[in-house]
Structures are given as structure tokens and as C-alpha cells.
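One structure is given below, encoded as C-alpha cells.
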Amino acid sequence: MSDLLNVQNAKTIKGEKLGYRTHILYLASGDKSGHEVCPNRTEACFKYCLDNAGRGRMQSVIDGRMRKTRLYFNSPPMFNALLNKEVHRAIANKHKRALNLCFRLDGTSDLGFGIKAAKAHPTAQFYDYTKNPVTMRQFAAGELPLNYHLTFSHSETNRDDCRYALENGVNVAVPFVGDWNGAPYPETFLGFPTIAGDTHDLRFLDPSPSVVALKAKGYLSKDYSGFAVRPDA
């Protein structure tokens, strides 16, 4: 099997200009593998998941993510051992690059891989997006490792959880579509300031509490479910 972690991603690679290299784990999203990896997903979330965009539509990539997902569910000890080995190897080889190191282990899943890994590797930075309100509340309460950062993800059904997150210092990622007085997103949302979220993926560098504004692209720009926020919403 090829490596579990990937460093070639159009968005995460932008972080290298800021001095960070992101190692990211991609699984087959939702229940594509026959096993659920996004227990809090919504219909629109699954439909517009980045797992279905770009290189994610290539058969070789689809097959690779499927193999990783099935390995996790069919042989958890082997999967966890391989993941820990790759994280350890990346940390050990950090000196070979003039870049800081970070890990995003739920690239197309929401299983909390990063929490356990952050505890095992306290000198490395881990971060993720989540739609899990329980994990979000744990992060807000300071119950997760200090080297683990979470950004809560907006959907068409979790507006109240988004408000809770922001009111308790947790940033919320929101896709916006349409013309907001000549801008791609509003200056504020839910009463909190917005910041550009497409310039890089290093969410642990963002000021908080903030709304991380993402421009709805491709099929997502045609969404009217409420997942992508429009000016008249």
C-alpha cells in the first residue's frame, strides 16, 4: 500500500509560503466504502465534499482512498500503527526541510484521528475541520490537546451550533456565494468578523473568534440548500 499521508494538495501547499508543510490523510468520504467516516454529515455536505472534486475524481485516487478506509475498518491496529509510523517519520525528518510541520488527519473524514495523534506527538501541530458538535464543545472547553486545533464547519442544519462555537471562541468555516456589496463574502456573519479562508489552510493561525469565509466554487456555487450562504439567506 502507498503512504497514508499526502503532501500534494492545491490548498494545503499554499501554507508552504507561510513556512508550513501539511501532511494530510484522505479517506473515502461518507459511507462510500461501506463504512461511515462522517457521522455528522448532511446531504449537502456529502454532495459537495472535496472528496468529489479535483484529483478526487480520478479512479486511481478513488481506489487509494477506498483502500485506506477499508484498512482502517478491517484492521484498525495495522492502520493505526502505519499512521503513527508515518507521523513519527515526518517529525524525525523535519530537519531536512526549512519548513514547520503540521498534520490534518481528517481531510475527508470526521473521526478524530488528530486527537489521539496529538497526544502521542505533543511537539507537532495538528488541526482539522469538524461538524461534530461534541468534539467542538470539548475544544471550546479546553479539553483537547493544546497542539490540536479545530475549526467548526457550517452546514445547512447546524446554525445554532455555529453560534455556540463562535460565542465560545471556536472559529467556523462557512462557504459563501453571490455578491456581498461587491465582495465575495460579508464583513460579518452571525455577528462575528469574517476572514479570508482560501489564501491558505493553516487554520490554527487564524484569529478567533472568526468566521472563516470560503468562496463557494464549482457545483457548490449552485447550492440553494443553505449549506452555501447567500446574501438573501
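The values are calculated or read from the model by the stated rules, or taken from the named source; none is laboratory data. Because the structure is a prediction, the values reported are computed rather than measured. Positions of Cβ are backbone-derived with ideal geometry, glycine not excepted, and every protein chain shown enters the neighbour counts. Quick note on the areas: whole protein, heavy atoms, side chains included, nothing else; ligands and nucleic acids left out. Shrake-Rupley method; radii C 1.70, N 1.55, O 1.52, S 1.80 Å.
Quick look at the values:
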| read-out | value |
| --- | --- |
| First in the range 67-96 and closer than 15 Å to LEU27 by Cα, second anywhere and small (Gly, Ala, Ser) and part of a helix (DSSP H, G or I), Cβ under 6 Å, 6 or more apart | none |
| Filter pass, ARG67 being in contact with a strand residue (DSSP E or B) (Cβ under 9 Å, 6 or more places away or on another chain) and either modelled with pLDDT of 95 or more or among the aromatic types (Phe, Trp, Tyr) (or both) | no |
| Answer residue from the range 193-202, given it is open to solvent by less than 40 Å² (accessible area, probe 1.4 Å) and assigned to a strand (DSSP E or B) and is farthest from GLY19 (Cα to Cα) among those | THR194 |
| Counted residues, the range 23-73 - those being part of a helix (DSSP H, G or I) and of a type in the set (Phe, Trp, Tyr) | 3 |
| Which numbered condition ALA53 misses (of (1) at negative phi; (2) modelled with pLDDT of 95 or more; (3) touching a Phe, Trp or Tyr at 6+ places or on another chain (Cβ under 9 Å); (4) open to solvent by 30 Å² or more (accessible area, probe 1.4 Å)) | (2) |
| Test: ARG203 is closer than 30 Å to PRO122 by Cβ and of a type in the set (Lys, Arg) | yes |
| Yes/no for LEU214 being open to solvent by 60 Å² or more (accessible area, probe 1.4 Å) and within 16 Å of the chain's Cα centre (by Cα) | no |
